[in-house]
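In what follows, a single structure is set out as structure tokens and then discussed.
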Amino acid sequence: MEHDPVITRAWVLHPDLKSDRGRRNPEPALAEAVSLAGALSNIEVCGGEIVPLPKTRAGTLFGSGKIQELKARFAENDVELVLINANVTPVQQRNLEKEWNVKLLDRTGLILEIFSDRAATREGVLQVEMAALSYQRTRLVRAWTHLERQRGGLGFVGGPGETQIEADRRAIDDQLVRLRRQLDKVVKTRALHRAARAKVPYPIVALVGYTNAGKSTLFNRLTGADVMAKDMLFATLDPTMRAVNLDNGLDIILSDTVGFISDLPTELVAAFRATLEEVLAADVILHVRDISHEVTEDQAHDVRVILDGLGVRKETTQLEIWNKIDQMPPDSAEATRTRAARDDGVLTLSALTGEGLDDLLAVLDKTLRDASHKSQLSLTFAQGKQRAWLFAQELVETDTQSDTGFDITVTWTAKQEKQFNDL
């Protein structure tokens with residue numbers, strides 16, 4: 001007999017630090033935190049607020065007056081879980097939990113919970129476990145069995161067996177070593193898959209962007225693939241790849257990646273580096289932006305910082321896709337289209353309605369064909385295998401027999417030329 005999942009009532013706090021003012025607008029930051037919380041299964045967000053913070057208190061983060069005021073609010077609303085959109089020290093967490101009689105998750109813990117909910121592949125699961133253990137290593141996790149939920153997850157919010165997570169650091173370190181070994185095996189397997197894919201002469205087009213920018217919707221629109229596309233943060237965690245024959249006859253491999261986010265905790269950047277490997281192999285990167293979002297410029301900046309940090313090659317073509325144009329008022333949408341038209345590397349579209357999709361395909365086609373170049377080859381009669389490969393890949397422009405073999409003109413990409421030289 002199935003039980004209804006237990007719903008945990010949560011409240012979101014965004015500490016508005018005096019030192020942060022002017023750098024980040026607190027309203028959209030709170031809205032993002034509420035969306036993050038909403039991405040967790042079995043969490044009901046029953047309130048959220050910005051808490052002005054002149055300075056942080058080492059032991060409790062907030063001042064005593066604010067703590068009492070919030071305590072009354074949480075009691076009044078039967079709040080069981082408080083989500084703080086900032087990094088909270090283990091001491092602050094312990095003191096606030098005791099004072100408020102709630103479970104508390106900071107930004108890192110919340111993102112880890114979401115990653116745990118979303119991880120689908122073996123590698124994704126291992127990466128989440130490792131990141132979670134590194135995080136847990138710094139804090140004691142106590143039993144909050146009254147928050148037990150009928151779902152997977154890491155047990156930060158509560159769950160069966162959480163009392164056993166009071167393992168000492170050595171036990172956690174042993175576990176990390178074991179997971180690292182498993183991950184190495186998985187990564188080697190992935191390297192083999194990548195090597196097999198490298199033999200496919202299709203260019204790779206990677207979709208990247210801030211979380212909830214509409215990448216998965218665009219991916220589905222281009223591929224017809226049934227990838228989970230929800231208006232929910234981190235709907236895609238593991239990269240999904242499809243070989244796609246575009247309407248214009250061009251064959252590509254399309255890759256959908258996890259959504260980027262500002263101030264991603266360092267443990268997670270390291271843990272998910274492998275998840276973004278496909279981006280490094282891409283011939284073209286499509287940076288999908290939610291152009292209707294009020295802090296779209298900040299989000300775009302965060303994505304660029306992460307791409308630079310990953311080590312994306314300077315010569316890799318990047319196109320900006322200004323998505324969700326359909327969600328803007330008509331006047332603003334028209335002004336945005338005009339602004340985008342002035343920039344070669346920018347396209348406006350709506351992945352939802354399909355507006356602008358033909359333009360994207362045309363630009364992709366041109367970009368990938370412009371990356372091609374002509375070469376003159378002289379093959380001997382003994383190089384029949386190489387000649388057959390050139391024809392199989394439809395790269396041959398002219399083919400003339402000579403006394404010693406064949407003089408061939410080909411049009412190919414640098415990637416295809418390397419594949420030919422490796423034959």
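Quick rundown of the values:
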item: I43 modelled with pLDDT under 95, farther than 22 Å from T296 by Cα and either crowded, with 16+ Cβ neighbours inside 10 Å or under 25 Å from the mean Cα position of the chain (by Cα) (or both); result: yes
item: Pair list, Cβ < 9 Å and 6+ apart or interchain, from the stretch 363-377 residues that are farther than 14 Å from K415 by Cα to residues that are surrounded by fewer than 16 Cβ atoms within 10 Å (Cβ to Cβ) and modelled with pLDDT under 85; result: L364/N248; D365/N248; D365/G249
item: Count of residues meeting criterion [within 13 Å of the chain's Cα centre (by Cα) and at pLDDT 80 or above] in the stretch 262-288; result: 3
item: Selected residue [among the acidic types (D, E), modelled with pLDDT under 95, within 27 Å of the chain's Cα centre (by Cα) and within 30 Å of W322 (Cβ to Cβ)] from D370, D359; result: D359
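The values are calculated or read from the model by the stated rules, or taken from the named source; none is laboratory data. Since the structure is predicted, the reported quantities are computational estimates derived from the model, not experimental observations. Backbone-built Cβ (ideal geometry, glycine too); neighbour counts: all protein chains shown.
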